[in-house]
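As structure tokens, the structure follows; a few thoughts come after it.
The values are calculated or read from the model by the stated rules, or taken from the named source; none is laboratory data. Given the structure is predicted, the values throughout are model-derived calculations rather than measurements. Neighbour counts run over all protein chains shown; Cβ positions are idealised from the backbone, glycine included.
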Amino acid sequence: MPHASRRTVLGAAAAIAVGAALPAAAAGSARAAASYPPVQYHGWSDVPDWLSGARDGTEPVFGRRPGIAIGRPAGTTTYTDPHTSTTASWEYGTWTSPVHRLPFGATELVSSWNVDAPAGTWIQTELQGTYNDGSRTPWFVMGRWAYLDTDIKRTSVDGQDDGRSGISTDTWAIDDATSGATMTAYQLRLTLYRKPGTDATPTVWRVGAFASNVPGRFDVPASVFGLKGAVELKVPRYSQDIHSGQYPQYDNGGEAWCSPTSSSMDVAYWGRGPSRADVAWVDPSYEDPQVDYAARYTYDYQYEGCGNWPFNAAYAAHYRDMSAVITQLRSLNDVETLIAAGIPVITSQSFYASELDGSGYSTSGHLMCLVGFTADGDVVANDPASPNDDAVRHVYKRHQFETIWLRTERKLSNGKTGSGSGGVAYVYWPCYPTPRQRAALAAVGIR
């Protein structure tokens, strides 16, 4: 079955003005913005952004796709990989963002990044937040990312907490939501590493985060379908279940691979994916070897799973001219806006089978790729928790799906309260989008 969730992420997006080129769904979402709890995605990705940060050993990369890379290194340090016990020396440089002030007090935050990390390089992403009393968090590690798994093992970092907030795998959160503590501003810091004496460098094209403050909710109001008729994107269909038992070193095989399977579908939709040479290590008898490949290269060695949200975004953005973020959306109207512009959306949800007609399974955390809507506004999903590729297409009732995706709390069969993602979504798109795609992204808070 799909992999169990390990964090509570709450949220719904604050509105951004929508241009006339967008479908009615987007305009309706904008008009209703005041009714949504706050969330904000903010990213750094262009030349002014990279010049605005503090650089030590890094330099901006100009050109069609700006970024930040190692220049003259700030120094050399050692890193002992906790998963191999190997200690190695690395040259490094840092880039620290300006302080980003939030228009609300946040209780949760997830960062994500887009980077080219060739062999012999890796990056670390950190967060420092400012509390509403003016004090600051320590620098929390949000992830140590290497595309390959030969230099270091990509990893989240457990055990980070200052007594008021801490990190759960990929998510920063206030420890006690009733304490009144919130985050009012934050900075992100990138540390870029390479083997000493080489010219190799990681190049970061985008770094950002969404922050949110959403109260507990077991249900959400039903949104009104805003498109004129059915729409369905031609996203390839991959089943995670056909990979059951394959490469158990990556979270026991395909039974738990909902996230990399969904990412593989989305990446393939854009005409990207691993080459034949890339997947040469996969048993040739296995169907859809790109899914095995994605599982290996999204695997978090600390979490011991492939469901680290920003690791999936970083994997997708590794491919030629791809961008990817983790964010939260307000309702299915936001999904309509993106799909109408040709952009699929991967969503995170948890539910019992009785809460989602036609699913046939229960899960405490599952990813699927939304590809369209019926003429009545029901959701067309490529659900990887299916027995084979042909069975991946599902139609789910609109309000049922919206509830299990947007809620932050759910009632468990043992009488306790479980968590929901609150609208968490992976959004992947070409880094040179069409005008309509750019407008749709802006409408849901991604710039």
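So, R398, is that one assigned by TED's automatic domain parsing to the domain that holds P236, among the basic types (K, R) and in contact with a helix residue (DSSP H, G or I) (Cβ under 7 Å, 6 or more places away or on another chain) or not?
Working: assigned by TED's automatic domain parsing to the domain that holds P236: yes; among the basic types (K, R): yes; in contact with a helix residue (DSSP H, G or I) (Cβ under 7 Å, 6 or more places away or on another chain): yes.
Here the answer is yes, as R398 does meet what is asked.
Anything in region 401-433 that is over 14 Å from L367 (Cα atoms), of a type in the set (V, I, T) and in contact with a helix residue (DSSP H, G or I) (Cβ under 9 Å, 6 or more places away or on another chain)? List them, or say none.
Residue satisfying the conditions is T403 alone.
Would you check if there is a residue in region 290-299 being among the hydroxyl-bearing types (S, T, Y), touching a His at 6+ places or on another chain (Cβ under 9 Å) and not assigned by TED's automatic domain parsing to the domain that holds Q128?
Quick first cut of region 290-299, residues among the hydroxyl-bearing types (S, T, Y) only: 293, 297-299.
Next, only the ones that are touching a His at 6+ places or on another chain (Cβ under 9 Å) stay: 297.
Subsequent filtering for residues that are not assigned by TED's automatic domain parsing to the domain that holds Q128 retains 297.
Within region 290-299 (the criterion being among the hydroxyl-bearing types (S, T, Y), touching a His at 6+ places or on another chain (Cβ under 9 Å) and not assigned by TED's automatic domain parsing to the domain that holds Q128), the answer is yes, since at least one residue qualifies.
Restricting attention to region 57-78, which residues are surrounded by fewer than 17 Cβ atoms within 10 Å (Cβ to Cβ) and either in contact with a strand residue (DSSP E or B) (Cβ under 8 Å, 6 or more places away or on another chain) or over 28 Å from L441 (Cβ atoms) (or both)?
So the first thing to find is which residues in region 57-78 are surrounded by fewer than 17 Cβ atoms within 10 Å (Cβ to Cβ), and the list is 59, 62-64, 71-72, 75-78.
Answer for region 57-78, where residues must be surrounded by fewer than 17 Cβ atoms within 10 Å (Cβ to Cβ) and either in contact with a strand residue (DSSP E or B) (Cβ under 8 Å, 6 or more places away or on another chain) or over 28 Å from L441 (Cβ atoms) (or both): E59, G71, R72, G75, T76, T77, T78.
Any residue at all in region 340-355 that's of a type outside the set (D, E, K, R) and without any contact (Cβ under 8 Å) to a residue 12 or more places away in the chain? Walk me through how you get there before you give the answer.
Going residue by residue through region 340-355, those that are of a type outside the set (D, E, K, R) are 340-354.
From what is left, the residues that are without any contact (Cβ under 8 Å) to a residue 12 or more places away in the chain are 353-354.
Looking for residues that are of a type outside the set (D, E, K, R) and without any contact (Cβ under 8 Å) to a residue 12 or more places away in the chain, one finds at least one in region 340-355, hence yes.
Kindly check whether there is at least one residue in region 211-220 that is buried (at least 23 other Cβ atoms within 10 Å of the Cβ), of a type in the set (G, A, S) and either touching a helix residue (DSSP H, G or I) at 6+ places or on another chain (Cβ under 6 Å) or at negative phi (or both).
Yes, because at least one residue in region 211-220 is buried (at least 23 other Cβ atoms within 10 Å of the Cβ), of a type in the set (G, A, S) and either touching a helix residue (DSSP H, G or I) at 6+ places or on another chain (Cβ under 6 Å) or at negative phi (or both).
Does Y147 satisfy the criteria of being in contact with a helix residue (DSSP H, G or I) (Cβ under 8 Å, 6 or more places away or on another chain) and either of a type in the set (F, W, Y) or assigned by TED's automatic domain parsing to the domain that holds Y297 (or both)? Full working, then the answer.
Values: in contact with a helix residue (DSSP H, G or I) (Cβ under 8 Å, 6 or more places away or on another chain): yes; either of a type in the set (F, W, Y) or assigned by TED's automatic domain parsing to the domain that holds Y297 (or both): yes.
Taking the combined requirement at face value, the residue satisfies it.
If you check E355 against the conditions, is it touching a helix residue (DSSP H, G or I) at 6+ places or on another chain (Cβ under 8 Å) and within 22 Å of P215 (Cβ to Cβ)?
Details: touching a helix residue (DSSP H, G or I) at 6+ places or on another chain (Cβ under 8 Å): yes; within 22 Å of P215 (Cβ to Cβ): yes.
Spelling it out, E355 is indeed touching a helix residue (DSSP H, G or I) at 6+ places or on another chain (Cβ under 8 Å) and within 22 Å of P215 (Cβ to Cβ).
Could you please find all residues in region 250-260 being in a loop (DSSP other than H, G, I, E, B) and either small (G, A, S) or buried (at least 18 other Cβ atoms within 10 Å of the Cβ) (or both)?
To start, the set of residues in region 250-260 that are in a loop (DSSP other than H, G, I, E, B) comprises 250-252, 257.
Once the filter is applied, which keeps residues that are in a loop (DSSP other than H, G, I, E, B) and either small (G, A, S) or buried (at least 18 other Cβ atoms within 10 Å of the Cβ) (or both), region 250-260 yields Y250, D251, W257.
For every residue, the table says whether it meets (1) in a loop (DSSP other than H, G, I, E, B); (2) of a type outside the set (S, T, N, Q).
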| residue | (1), (2) |
| --- | --- |
| V220 | yes, yes |
| F225 | yes, yes |
| V235 | yes, yes |
| S239 | yes, no |
| I242 | no, yes |
| P248 | yes, yes |
| S263 | no, no |
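Tell me yes or no: at least one residue of region 137-148 is in contact with a Pro (Cβ under 9 Å, 6 or more places away or on another chain), surrounded by fewer than 20 Cβ atoms within 10 Å (Cβ to Cβ) and closer than 25 Å to L102 by Cα.
Among the residues of region 137-148, not one is in contact with a Pro (Cβ under 9 Å, 6 or more places away or on another chain), surrounded by fewer than 20 Cβ atoms within 10 Å (Cβ to Cβ) and closer than 25 Å to L102 by Cα, which makes the answer no.
From the set of residues in region 198-217 that are at pLDDT 95 or above and in a loop (DSSP other than H, G, I, E, B), which is nearest to Y131 (Cα to Cα)?
Looking at residues that are at pLDDT 95 or above and in a loop (DSSP other than H, G, I, E, B), I get P202.
Any idea which of (1) modelled with pLDDT of 95 or more; (2) under 30 Å from E402 (Cα atoms); (3) outside any helix (DSSP H, G or I) is the one R330 doesn't satisfy?
(1)
In region 158-182, which residues are buried (at least 17 other Cβ atoms within 10 Å of the Cβ), in contact with a strand residue (DSSP E or B) (Cβ under 8 Å, 6 or more places away or on another chain), within 28 Å of Y301 (Cβ to Cβ) and in contact (Cβ under 8 Å) with a residue 40 or more places away in the chain?
Passing the criteria: T169, D170, T171, W172, A173, I174.
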